[in-house]
1. Of the candidates B:96, B:47, B:119, which one comes out as most mobile in a Gaussian network treatment of chain B with C-alpha springs shorter than 10 Å?
2. Other chains' Cβ within 10 Å of B:221-227 residues: what's the mean?
3. What nm value, rounded to one decimal, do you get for the distance between residue B:192 and residue B:225 when each label is placed 7 Å out toward the C-beta?
4. Could I have the simple spin-label model distance between residue B:258 and residue B:215, label points 7 Å from Cα toward Cβ, reported in nm to one decimal?
5. Under a 10 Å cutoff between Cα atoms, tell me which one of B:97, B:72, B:83 has the largest fluctuation in the Gaussian network model of chain B.
6. Which loop trypsin sites (Lys or Arg not before Pro) in segment B:187-266, with loop taken from DSSP, have no more than 13 other Cβ atoms within 10 angstrom of their Cβ?
7. Full extension from residue B:117 to residue B:201: what is 0.36 nm times the residue separation minus their Cα-Cα distance, to one decimal in nm?
8. Against the longest alpha carbon principal axis of chain B, how many degrees, from 0 to 90 and to the nearest 10, is the axis of helix B:243-252 turned?
Amino acid sequence: MKFVKSLTIALLVTLTLSVNSFAGETHSGRAFVEAGNASSHASASAAHSIAGTAQVTSAALAVPLFVVGAVGGLSNEIAIDLMDIATAPVGTPLEISDESMTVGPAPNNALGEDI
Amino acid sequence: MKYISRFFFIIAIIIFTYPVSFVNAGSSQATGEIHFKPEEIVGFAKKVEKTLAEKGARVAIVGRVGRERNKLPEGVNYTHVGLAVYSQISSADGRKLPGYIMYNLYQRANEPNVSDLIKDFPADFFAGVEVMEAGIIIPTPKLQKRILEVLVSQTYKELHNPNYSVIANPFTLELQNCTEHTLDVITAAIYQTNDLNIIKANEKAYFDPQRVNISPIKLMLGSWFVKDVATSDHPDSPVTSTFTTIGQFLTKYNAASELLTIIPRG
């Protein structure tokens, strides 16, 4: 009888631990989110930290830099000085800006707690 | 005393019979804790961009590690996959800059069983990683062009199913995760179709998925208590798509030019 009781308790404890670890492991992104929310959507969040560095530039729009086939329809949006890159064959070494871009925090984080 | 010993003995037996923890860990925007200094993340993201640019990659498949490696299940090396696309980026002050933009399927922060298609930048993409490492698959030039054509068409959005599961079965239409959507985009590009029946039929025929090595009990509990874990789309042993299996698929059918790993030093 004692054995059955201890087995039951052990199973309950273990299954609870198992589910908790599953939830914690399954989606670290959620853990990030929860951590972010817990810290008032602010300085502790990864996105805020990145956006807050002097090294990054805020950016909004982007179009593929390649003029071929269906992608060619976007060619009128490409700056003239980047057109050579846009028309170069795939595999040709590409120019890259030294600046780093970021989209900034998600809207709920940008709005803060009082939404 | 005997009672306590037996109790711990049984707990130990059950715990040690569980397989290594399952995790998907991170098809989400990094809206929380940061594990590296911001300047380290920005520097690493720029290194990834420069490596891709040196190799002339217009499109690359990029994997990140959102969880410590020893907490990942067998066969899973990366926790999120996105497509890097060489682009003209318009800065907030109006300049046109060449760089890469990431095409992602991200889980919603407050609704993890629902996803959205979101574009961000490499620095955003790597912001929440726990291991500073990028897995890179560079498709062949022909496939890069075709993937680009899908990305700028309606097909990219049409292939998105917002019903999310971390262990989505790549052969069914019920649920989807970031790797399955990426695989669907690649398959759509290869066969130049937006017909999901054709896409799924060819994936079933040619793509070898990763078996989900989780104990049935843990999986059952997960599907009960964790919103973004579902088993309803797995009629048999659960399988899912991963960065690694996508790499193997493209390599097997000569559709990949190069597979590489990028770390901060080296």
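Just so you know, all these numbers are worked out from the coordinates, no wet-lab data involved. The structure presented is a predicted model; accordingly, all values stated were derived computationally and were not measured. Because the Cβ atoms are built from the backbone with ideal geometry, glycine has one as well, and the counts that use them run over all protein chains shown.
1. B:96
2. Rounded to a whole number, the mean comes out at 5.
3. 5.2
4. Using points 7 Å along Cα→Cβ, the separation is 4.4 nm.
5. Highest fluctuation of the listed residues: B:97.
6. B:265
7. Result: 27.9 nm gained on full extension.
8. That works out to roughly 60 degrees.
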